[in-house]
1. Kindly indicate the residue of segment B:311-335 that is surrounded by fewer than 16 Cβ atoms within 10 Å (Cβ to Cβ) and in a helix (DSSP H, G or I) and also farthest from the other protein chains (Cβ to nearest Cβ) among those meeting that condition.
2. Return the total of residues in segment A:268-284 being part of a loop (DSSP other than H, G, I, E, B) and either without any contact (Cβ under 8 Å) to a residue 40 or more places away in the chain or in the same structural domain as A:Arg447 (by TED's automatic domain parsing) (or both).
3. Considering only segment A:195-221, state which residues are modelled with pLDDT of 95 or more, over 21 Å from A:Val287 (Cβ atoms) and touching a strand residue (DSSP E or B) at 6+ places or on another chain (Cβ under 8 Å).
4. Restricting attention to segment B:279-310, which residues are crowded, with 24+ Cβ neighbours inside 10 Å and at the interface with chain A (Cβ under 7 Å from one of its Cβ atoms)?
5. I'm trying to understand the selection: among the residues of segment A:292-310, which are part of a loop (DSSP other than H, G, I, E, B) and closer than 21 Å to A:Ile387 by Cβ?
6. Would you check if there is a residue in segment B:351-361 being more than 25 Å from A:Cys130 (Cα to Cα) and either within 11 Å of another protein chain (Cβ to nearest Cβ) or small (Gly, Ala, Ser) (or both)?
7. Within segment A:635-644, identify whether any single residue is out of contact with any Phe, Trp or Tyr (no Cβ under 6 Å at 6 or more places or on another chain), at pLDDT 95 or above, aliphatic (A, V, I, L, M) and farther than 30 Å from A:Thr545 by Cβ, and answer yes or no.
8. What residue, among those in segment B:145-177 that are out of contact with any helix residue (DSSP H, G or I) (no Cβ under 9 Å at 6 or more places or on another chain) and among the hydrophobic types (A, V, I, L, M, F, W, C), is farthest from the other protein chains (Cβ to nearest Cβ)?
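The values are calculated or read from the model by the stated rules, or taken from the named source; none is laboratory data. Here the structure is a predicted model, which means the values were calculated and not measured. Positions of Cβ are generated from backbone atoms using ideal geometry, with glycine treated the same way; all protein chains shown enter the neighbour counts.
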There are 2 protein chains.
Amino acid sequence: MLDAFFKPQSVAVVGASRDPEKLGYAVVSNLKEAGFHGSIYPINPKADEILDFKAYPSVLDVPGSIDLAVIVIPYRFVPDVLRECGQKGVQAVVVITAGFREAGREGLEREMELVQIAKQHAFRLIGPNCLGVIDTATPLNASFAPGTPPAGPIAFMSQSGALGTAVLDIAMAGRIGFSKFVSLGNKADVSEIDLLEALADDPESKVILIYVEGVPDGQRFIEVARQVTRKKPVVAIKSGVTASGSRAVSSHTGSLAGSEAAYKAAFRQAGVIRAASMEALFDYALVFAYQPLLQGDRIGIVTNAGGPGILATDALEHAKLEIPRLKGETVEALEEYLPGAASAANPVDVLGDALADRYEHAVDLVLRDPNVDGVMVILTPQAMTEIEKTAEVVGRLAQRADKPVVGCFMGEARINAGVDILRKYGVPNYPFPERAAAALAAMSAYRRDLEHPVFEPEPCTSCIPAVRELFDKVRSEGRVSIGDLEAWEVLRAYDFPIPESRLAKTPDEAVAIAEEIGYPVVLKIASPDILHKTDVGGVKVNLDTPADVRDAFDLMVYRAGRYVPGATIWGCQVQQMVQGGREILLGMSRDPQFGPLVAFGLGGIYVEALRDVAFRVAPFSPQEAEEMICEIRSFPLLEGVRGEPPADLGAIVDALTKISRLVTDFPEILELDINPLMVFEEGRGAMAIDMRLVLASES
Amino acid sequence: MLDAFFKPQSVAVVGASRDPEKLGYAVVSNLKEAGFHGSIYPINPKADEILDFKAYPSVLDVPGSIDLAVIVIPYRFVPDVLRECGQKGVQAVVVITAGFREAGREGLEREMELVQIAKQHAFRLIGPNCLGVIDTATPLNASFAPGTPPAGPIAFMSQSGALGTAVLDIAMAGRIGFSKFVSLGNKADVSEIDLLEALADDPESKVILIYVEGVPDGQRFIEVARQVTRKKPVVAIKSGVTASGSRAVSSHTGSLAGSEAAYKAAFRQAGVIRAASMEALFDYALVFAYQPLLQGDRIGIVTNAGGPGILATDALEHAKLEIPRLKGETVEALEEYLPGAASAANPVDVLGDALADRYEHAVDLVLRDPNVDGVMVILTPQAMTEIEKTAEVVGRLAQRADKPVVGCFMGEARINAGVDILRKYGVPNYPFPERAAAALAAMSAYRRDLEHPVFEPEPCTSCIPAVRELFDKVRSEGRVSIGDLEAWEVLRAYDFPIPESRLAKTPDEAVAIAEEIGYPVVLKIASPDILHKTDVGGVKVNLDTPADVRDAFDLMVYRAGRYVPGATIWGCQVQQMVQGGREILLGMSRDPQFGPLVAFGLGGIYVEALRDVAFRVAPFSPQEAEEMICEIRSFPLLEGVRGEPPADLGAIVDALTKISRLVTDFPEILELDINPLMVFEEGRGAMAIDMRLVLASES
């Protein structure tokens, strides 16, 4: 799809230069040094040849066809050159030049022009304001990066070019290899989403890393990433998560940072693994790139020292992995080989005087143990330790195994040679057990995501017409807010359980309805103009007698008229009084990046004061709804405390799933609150007591 | 105090060997290679000289005096050699030999013998089962470590010798320098506590690092560490924090891991900075060792790239540091020097083409800004970046400044030369902004601890006699549990506010008391044999009339007799009914390592179901009590939500402080619960409603 960027037959560099200080020189030099097999056309009206390649005054003068053009000229010349590229039939353009969106309003206009030209001529554009593109397999280095990183199975894309240079510099030192490296810059056209799609089936990339400040189309991002992460792991670092951080983002590239809660939910739902730091990003990348996937959570530890074994145990347990008991046979075989003072239980302590042979036996046995899904090999450089030989045996065992093996060879001076050997065998080494544990935990999280059934959101076609009609009516009356009388029609359409309830226009009607429903009842003022009924004394609960109902009706109507002069009063709603159950809040608001963000929490202080809320971007699956419920800190209260029966979690899942469908079917719903949803004990369902809904005004 | 270990004039190595494969060779060789200036006496009955030093058959044969003896002989010979050392007047002994406590019960007995001998001859002992001792200033390397680490201002002590070897190997690579390195082994005699005391005034050590699995005497540890941390920062990593981790510890060195909650509280109270990983331990050490203390929380950032600037901003804010506005003058001066596209606001972006001069100006201006307490300098290796030159100017500026400067030069291949230059100037470099931010945050935490007033716990001498008398009475009756009737005497003695309450032996007496106190009242069964009164229907609240009181009395006494046959029934307690207020739980249990561990939380589900509890080890200061209150997640509920007035936090602080004093004054109190303490709105105090107390049985 984006093949012309990565596998071009010919590349033109517009702005190529003979001056080694210039970016236009660096790009041509990189293309050459990286060994690009196709044609290289430097474009420079003032030069005949650059770095031994014949130069042309413009792309139009190039005799053959051009697949990829790289632009490194001042911004004011870029539009014309793009038009020429279009004329020439160039398929892909990388604009390195800066001075666009990041430079304010005029820059943004310039950037829009580029997009316009690209659309018109049907070519794709990476940048502007970027470092360029590298594909180590082609090989192609169409960037001004200081050199080409080693090849490897990791694809990296970054919104920040500078961060890219740091990442490349790390790669240059030999510890990481890249399949593709893409600096996305301002993402005027090609974004993370396009690249994710392109890389999903790229056989050279086993894991995709993203540094992102903001994604342009949240819903599409989730949709695409959901599919890509089924095929290979995607690890992302999102910056601008704190208030100051997002201010810094918007002054940086002008991209909207979006709310942290929405990103957290979206990445979770898309199966994207979130790295909390740059270090974690690479730590995770290595294990995904070079080791088979962890098929369970049980980690065997082999160590030549007790202390680090304990640190590893702590870290693994902290990351919610398990330190299983080894099989009897394994323990026996270990005991047979190891000296008496060694520990044959997990963590297996081969003792400080262990040579490579002892490690070999122990790692082999632990790897074969069916109770073990992955192995961490810890080594401290003690007096007799055979560091390199041990790395060799561990590397060889890991290569044969279908379980992941990670190293934790601790130290630096004597250790490094061993670490290099491990790397040769594809065994990532982490200098401390905590980082090794975190990498294994990332694998476990990815595997658990793969175990989820694939989610295909579907609209509720049978529910839609009734709601559509209601919304049309509301809008035709010039309203956007919907109180609970009408809201219940919406809920009824989506098959929500709601209390019995009918509108009474007079006190007598109210009493008649109450008699039918059965006392006690609740009375609520019914008015399209009054959204916060309790504020105007518009709700009375626990009305037990006809007299109570009559009094409440009159008082409510009188007060409503006084507090909201001119309000349309339809009468009062008489409602079944729902007793018992726990109060739940379900809400939805529109996140500027991701759209419908659904919130869930326990009612009252838990949401308001303790901010104990879980979020998901709609649409989401019933399983995601379940995860969401388990995510809040006050979840134990739903499981039942102090002898209470557990709440009907299935009913909450059901309600959340219906909300997800409703807000997806009707993008015009701006905000929505069901507060409270009363949840009864297990098997007894739930009931939506009150709802508030705001539509977008038509425009 | 432990000077003979670090500054001896003469060292004997018992078990010295000519075989380079033996530890006894390594120790002599290390002493020699490290350049020890004093006398070295190899002890070996079968050798005349070892590594050019004259050897002796035993320490008794050495002509001069011996300050330090290092023992590397099989464990069965150690006791006799120790006796000889005692005879010879050796002041300090390092026992490297293993096979003691870590080897089971017999080993423990052998270890006890060593301690016995050391006591008898009044020498101190490090080990057994350790790596040895290094002092780079002396210089002395009395260990079998593979070499001597570079000198530096960091003291390191480790319970795990193997971890020590890893740490030394890191040091050998040149990134860290140590003043002292001590492998503590089984800590039969010298423990972390002794070493902390010794290192507090060591001019060569600016920061102390500890790897600890368990501390032997928790109360003394807190007491000593509290004083030491006033003088210099102590950073610790505690392993065995999770359930599996502590199982691993106890199989490792047999030291009791203690509860994580107690360690967390104790380290906090002692001012010890807790590192969550080995990596963090060294990250913090470097900034403490080489940079002036951060005197506020406002961090200026200078960067040549937007992306990493955002990551840094996120990480700093996450760590609760501030990214302040710069002074107008600073911004103006920056704007004057920097190109137009640069950002003169914090984070200051000097742009990707910044050379060293631009960094120099920006860092200098930001460092001088009175709104800034510390500076993070971020550098990505872009095309024109002058990495080494920039490191030079940053290093020179940092040396002149009285504010901490940390580097975040990102990358590896091109970056490393710059990092070496920064190190030369004492500027620690962190490869990613997150780690730099965490190091600055550790400094901030330490400074805030220094700002706390020094806490001197004092017993409540006037409160003690009444409680002593009561406890004596309880014990003389062969009881250990104290119900609330007697417990209130304890509370009264410590001046706790308690409800009016008196014991009634008959229904008539109960009515008379109720009339005096005023209705409504609470009735509670009064029996030393019934601790959980509600379980036997032994509490009735809200009794409004004489008839209610009479009925409740009879029913309660009848039931108590039926449910707990043979129970001594004193009658019923008639108690003022306390209304309103929020329920608090205060508790205390004895932690095996740290002693009286006081718990605080909101009553009911918050403690029971949500486990929202804060802990401190008594004795603690009112200020620590205040921190403890703020620590719980449900703290907003005490501040007042939904228009409620805030709770009387001062009254809770007061109650906690009194509990702290009580349980410190009476170590025989095993357990204690005040549940609930009713806390009223601000200014109205609190009241202890119910208390339960268990004494240790006399033994």
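1. Selected residue: B:Glu329.
2. Number of matching residues: 1.
3. A:Leu195
4. Of everything in segment B:279-310, those that are crowded, with 24+ Cβ neighbours inside 10 Å and at the interface with chain A (Cβ under 7 Å from one of its Cβ atoms) turn out to be B:Asn304, B:Ala305, B:Gly306, B:Gly307, B:Pro308, B:Gly309, B:Ile310.
5. Within segment A:292-310, A:Asn304, A:Ala305 meet the criteria.
6. No, segment B:351-361 contains no residue that is more than 25 Å from A:Cys130 (Cα to Cα) and either within 11 Å of another protein chain (Cβ to nearest Cβ) or small (Gly, Ala, Ser) (or both).
7. The answer is no, given that none of the residues of segment A:635-644 is out of contact with any Phe, Trp or Tyr (no Cβ under 6 Å at 6 or more places or on another chain), at pLDDT 95 or above, aliphatic (A, V, I, L, M) and farther than 30 Å from A:Thr545 by Cβ.
8. It comes out as B:Ala151.
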